[in-house]
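First comes the structure, then the notes that go with it.
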Amino acid sequence: MGLDNSDVNILNILQGNGRLSYRQISEKVKVSVPTVSSKVGNLERIGVIRGYHAELDPERLGELSAMVSIKARPAELSSVAAHFKDDEQVRQMFFLSSGRLMLICTFVEAHMINDFAAKVGAIPEVLEYDIANVISVAKELDRAVIAPGLNLVFQCMQCGKDIRDEPLKVRDGGRNIYLCSAECINATRSRMARPG
Ligand SMILES: [Zn+2]
């Protein structure tokens, strides 16, 4: 499913400034306020818009960042990642096609980097790792690039899998629920049928 021009424009505007009102957005995009409201609601529900927050500058807070690249056996990469799931210092974590895990970390105090390196080194499944402090930030943008002709990759609202083909839909109170398979449709229908 593609995004139309107004969707793309709305995303562009909101990524630049998440505090604009629907009215201000509607004036910029030249669509009605209810259209903006329903489009934003949809983009939120589908998960394209994950949230709204202030963009803080860690350097102005005296914090230090580091990039950590971790190598493990492919079968053990997920269990290595699980060690960092609840770690506040790990701000972003990516599974890479090279079979590595890339962590972007921020530390409140410099000495914590050593403690973190020790933690990584102590995980038995870690075959090797590389940790490097960020000396200065040359460029930092949000990861989503807003461009015309973007296609949505739905996430199954039952099992959470990415849906690369056209999603299956179930209506729920005037809204679409996007699903990946007949199995997830059945699970959703029986969930909807349960009271409460
Ligand atoms: Zn599913």
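Under the classification rounded if a/c is under 1.5, otherwise prolate if a/b is larger than b/c and oblate if not, where does the chain fall, given a ≥ b ≥ c as square roots of the Cα gyration tensor eigenvalues? Present the calculation step by step, with values, prior to reporting the outcome.
Values: a/c = 2.50, a/b = 1.41, b/c = 1.77.
Because a/c hits 1.5 or more and a/b fails to exceed b/c, the chain counts as oblate.
Can you list which of the trypsin sites (Lys or Arg not before Pro) found in segment 143-179 are DSSP loop residues with at most 10 other C-beta atoms within 10 Å?
Here the sparse-neighbourhood loop sites are Arg143, Arg164.
Please give every one of the lysines within straight-line cross-link reach of Lys161, meaning a C-alpha to C-alpha distance under 26 Å, and leave out same-chain neighbours fewer than 8 residues apart.
Candidates past the 8-residue exclusion: Lys39, Lys71, Lys85, Lys169.
Which ³J(HN,Hα) values in Hz, rounded to whole numbers, follow from the phi angles of segment 70-87 under the Karplus curve 6.51 cos²θ - 1.76 cosθ + 1.60, where θ = phi - 60° and Gly and Pro get x?
10, 10, 8, 5, x, 5, 10, 4, 5, 6, 5, 4, 4, 4, 9, 4, 9, 7
In the chain, which whole DSSP H runs stretch at least 18 Å along their own axis (Cα) and average -0.5 or higher on the Kyte-Doolittle scale?
Result, helices passing both filters: 33-46.
Can you tell which of Leu101, Asn133, Ser21 lies farthest toward the positive end of the dipole of the chain, using +1 and -1 charges on the Cβ of basic and acidic side chains (Lys, Arg; Asp, Glu)?
My answer, from the dipole projection, is Ser21.
Please list, or write none, the aspartates and glutamates whose alpha carbon is within less than 13 Å of the alpha carbon of Lys30, excluding same-chain residues fewer than 8 places away.
Asp7
FYI, it's all coordinate maths here, none of it is from the lab. Since we're looking at a predicted model, the values are computed, not measured. We place every Cβ from the backbone using ideal geometry, glycine too, and count neighbours over all the protein chains shown.
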